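A quick write-up on the structure given underneath.
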Amino acid sequence: MMRTLVLVPTYNEAQSIRSIIARIRTAVPDADVLVLDDASPDGTGAIADELAAADPGVRVAHRPAKVGLGAAYLDGFARATAEGYEAVVEIDADGSHDPVELPTMLDLLRSTPADLVIGSRWVAGGSVLNWPRHRQAISRTGNRYARWMLRSRIRDITAGFRAYRVSALAGLDRAAVSSQGYCFQVELAWRIEAAGGRVVEHPITFVERANGRSKMGPGIVIEALARVTAWGVSARFGLGPTRPSAVADGS
């Protein structure tokens with residue numbers, strides 16, 4: 001397996017952190033895990049410290065405040081690059097992403113020219129569980145709009161379950177990444193695709209979280225739509241990444 005760092009950003013995930021770390025360690029025991037905790041007031045960071053003390057494959061980065069998903073992941077990417085990892089994984093702490101998919105996703109990264117493997121809900125074989133129809137409609141519509149506006153071929157560009165080739169991230173201007181929340185995922189995938197990176201989508205079953213509350217809200221969706229629109233318009237006028245030359249493949 002490629003030398004891999006699994007990033008687990010957390011904010012108030014005390015109910016699920018033990019389970020998700022155990023499942024990751026079982027699925028990919030040779031990978032290292034880095035919990036990125038944004039000063040969770042519910043004690044998530046302390047629980048993560050306990051897990052790290054008992055397992056040398058788990059570490060914790062305590063961040064001073066809740067500053068956004070994008071900032072947490074960019075911190076993790078910088079650490080992965082500096083420490084010589086070959087692959088870096090994004091996975092939610094709430095259990096909605098099943099770590100059992102990680103060996104296949106990492107094998108696709110290793111055995112194909114892929115720079116990014118996305119655990120995709122919206123390719124053949126992908127699905128979601130426990131989402132109401134309106135939530136599915138919002139996700140499908142948002143992905144369609146982003147694909148059209150950004151001239152992308154990625155069917156689940158908003159997905160947060162991913163495996164990156166670290167060398168592809170190293171080639172990006174991370175200082176130019178402008179988004180921190182939900183649309184961070186859109187921006188990063190788009191920038192990799194637009195730079196000529198190859199994206200592979202692996203079908204997964206996404207399961208709505210059983211514990212805690214979703215951090216999604218109307219404001220996040222509105223911000224994402226606004227940013228995607230601005231990026232698309234800028235690209236059409238030659239002010240940003242243009243239409244990608246790489247093909248986004250389903251697997």
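The values are calculated or read from the model by the stated rules, or taken from the named source; none is laboratory data. Everything numeric here is computed off the predicted structure, so don't read it as measured data. Positions of Cβ are generated from backbone atoms using ideal geometry, with glycine treated the same way; all protein chains shown enter the neighbour counts. These accessible areas exclude ligands, DNA and RNA; they are computed on the full protein's heavy atoms, side chains included. Shrake-Rupley method; radii C 1.70, N 1.55, O 1.52, S 1.80 Å.
Restricting attention to the range 46-97, the residues that are open to solvent by less than 20 Å² (accessible area, probe 1.4 Å) and of a type in the set (A, V, I, L, M) add up to 10. Applying a threshold of 8 Å to beta carbon distances and a minimum spacing of six or more residues, or different chains, the list of pairs starting in the range 11-27 at a residue that is within 15 Å of residue 46 (Cα to Cα) and touching a residue at least 40 places away in the same chain (Cβ under 8 Å) and ending at one that is of a type outside the set (Gly, Ala, Ser) and assigned to a helix (DSSP H, G or I) reads 11/44; 12/44; 13/20; 13/44; 17/44; 17/47; 17/51. Within this structure, residue 161 passes the test of being open to solvent by less than 10 Å² (accessible area, probe 1.4 Å) and at pLDDT 90 or above.
Counting just the residues of the range 20-40 that are under 20 Å from residue 56 (Cβ atoms) and not aliphatic (A, V, I, L, M), which one comes out surrounded by the most Cβ atoms within 10 Å (Cβ to Cβ)?
Kept after step one, since they are under 20 Å from residue 56 (Cβ atoms), are these residues of the range 20-40: 20-37.
From what is left, the residues that are not aliphatic (A, V, I, L, M) are 23, 25-26, 29-30, 32, 37.
Numbers: 23: 17, 25: 19, 26: 10, 29: 9, 30: 11, 32: 18, 37: 26.
If we take residues in the range 20-40 being under 20 Å from residue 56 (Cβ atoms) and not aliphatic (A, V, I, L, M), then 37 is surrounded by the most Cβ atoms within 10 Å (Cβ to Cβ).
Applying the selection to the range 9-19, what residues are charged (D, E, K, R) and open to solvent by less than 30 Å² (accessible area, probe 1.4 Å)?
Listed by number, the list holds a single entry, 13.
Of all the listed residues (94, 107), the sole one being under 26 Å from residue 25 (Cβ atoms), outside any helix (DSSP H, G or I) and of a type in the set (Asp, Glu) is 94.
Within the range 168-184, count every residue that is part of a helix (DSSP H, G or I), free of Cβ contacts under 8 Å to residues at least 60 places away in the same chain and under 18 Å from residue 88 (Cα atoms).
So in the range 168-184, the residues part of a helix (DSSP H, G or I) come out as 168-170, 174-176, 184.
Next, from what is left, pick out any that are free of Cβ contacts under 8 Å to residues at least 60 places away in the same chain: 168, 175-176.
With the extra rule that they be under 18 Å from residue 88 (Cα atoms), the set shrinks to 168.
Residues meeting the conditions: 1.
Starting from residues that are touching a strand residue (DSSP E or B) at 6+ places or on another chain (Cβ under 9 Å), under 19 Å from residue 192 (Cβ atoms) and among the polar types (S, T, N, Q), keep the ones in the range 98-156 and report whichever is surrounded by the fewest Cβ atoms within 10 Å (Cβ to Cβ). Taking the candidates together, the pick is 112. Filtering 168, 137 for residues that are closer than 25 Å to residue 229 by Cβ and either over 13 Å from the mean Cα position of the chain (by Cα) or hydrophobic (A, V, I, L, M, F, W, C) (or both) leaves a single hit, 137.
Residue 102 falls short on exactly one of the conditions (1) modelled with pLDDT of 95 or more; (2) not in a helix (DSSP H, G or I), and that condition is (2). Residues in the range 64-84 that are over 17 Å from the mean Cα position of the chain (by Cα) and either modelled with pLDDT under 95 or of a type in the set (Ser, Thr, Tyr) (or both): 64, 65, 66. Being at pLDDT below 90 and among the acidic types (Asp, Glu) is a description that applies to residue 173.
Residue count for the range 110-150 under the criterion of being among the hydrophobic types (A, V, I, L, M, F, W, C), at pLDDT below 95 and part of a loop (DSSP other than H, G, I, E, B): the result is 1.
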